[in-house]
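Below: the structure, in structure tokens.
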């Protein structure tokens, strides 16, 4: 089989890498891909825009591709899956109506309310004055979210009212474009965040291994939110019995809510959860695709061939699949970023040492924002690399990931040195 992966980030590199580890996949085409996918054996990049529906469909049909796997949320929200399906292409990723679960936080809140899915209390505003008045009447901490897609940067956890007001004014001033035309203000939920990526064929939904991301840019979980600075899986904060509750209280009701709206959702539902001090799971947000960098720690542990899961979802036969198989191990990922991220940053920085880092078979370097330029690999993004490592336990996995990071260099690059700080001394999830 041959397959297409749409996207250019670390998530897409990990998806292509995982597909090519199957003996049943002969080639993966990445549209447009990055410097990492360009050097992946069996993978080729095609310089095509993710908005080029006809081009992607033609590539799939002419080359007899088994399926198209869409990585990022924006093409899904723009209706890429709808357009490809209309031309007879199998697509792993929701249609435009289903992608609203991420593309509009207001829509997602309404879905959760109708399905009785536990989440934070919230209010929606279309003007700054009303939103600021609401903040002044409520206690802090409080959470301010741009309603639409803001590349992972539209959420502010405000510890003081002044921060919340600044976030509101920023959203309505146009910082996030039309994504900030509405603002959702939520109560702050105490607890630990956990990511559960679940796959669905529209009839059945199954979780993958639970992971934990590090959203904030600074050590000790400080500073502004980012797209993710590192992750690990399977998190011991989500034991089997709690994952069963997530399945019955969150995933299944959410799928039923989508079905009640007449939405045929085939792809990933990513549930960003908070585990309260009482041990109850609540939804912070939903995403309509694989998480990044969670994908870079979940997929290395997956033993079941990824294409089998993808095709089962595309063909609505997920219920008939045997249970997914996983390595009895831990995986950790450390993100290396460019100076200034998540704000402005320099591009075109030369990167060295990747091959040396990957000399350890336990380590794999996923390219998040790179290209092949004159003289080697150059940076193109804020998050540049995701350095993952597998080991029998968390302590070794984290140690191996940082050992690999130490072998890589690019000018003024930085990374968090405390990935995994929440699970020091904890064993793998049951």
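Of note:
- Here the simple spin-label model places points 7 Å from the Cα toward Cβ, and for residue 175 and residue 241 these points are separated by 4.3 nm.
- Alpha-carbon centroids, region 259-333 and region 50-116: separation in whole Å: 17
- Among 21, 182, 44, the residue with the largest mean-square fluctuation in a Gaussian network model of the chain, with springs joining Cα atoms closer than 10 Å, is 21.
- Length-normalised contact order for region 3-42 - Cα pairs under 8 Å, 6+ apart - percent: 49
- Ranked by the mean number of other Cβ atoms within 10 Å of their residues, highest first, the peptides 378-384, 331-337, 394-400, 111-117 come out as 331-337, 378-384, 394-400, 111-117.
- Helix-only CD estimate at 222 nm, as mean residue ellipticity for the chain, using -39500 (n - 2.57) per DSSP H run (n ≥ 4): -8000 deg cm²/dmol
- Averaging the sequence gap over all C-alpha pairs within less than 8 Å and six or more residues apart, then dividing by the number of residues, gives the chain a relative contact order of 16 percent.
- Fully extending the segment from residue 1 to residue 359 would add 126.0 nm, taking 0.36 nm per residue of separation and subtracting the current Cα-Cα distance.
- Bridge orientation summary for the chain: considering DSSP beta bridges with both residues in this region, about 80 percent are antiparallel.
- Mean separation of Cα contacts under 8 Å (6+ apart) over length of region 2-95, as relative contact order %: 28
- Read-out volume of the Cα convex hull per residue in Å³, derived from the coordinates shown; its label in [x] 134; [y] 169; [z] 152: [x]
- If the segment from residue 187 to residue 399 were pulled out straight at 0.36 nm per residue, it would be longer than the present Cα-Cα gap by 72.7 nm.
Each reported figure results from applying straightforward, stated rules to the coordinates on display, with no laboratory input. Given the structure is predicted, the values throughout are model-derived calculations rather than measurements. Cβ: placed from backbone, ideal geometry, glycine included. Neighbour counts: every protein chain shown.
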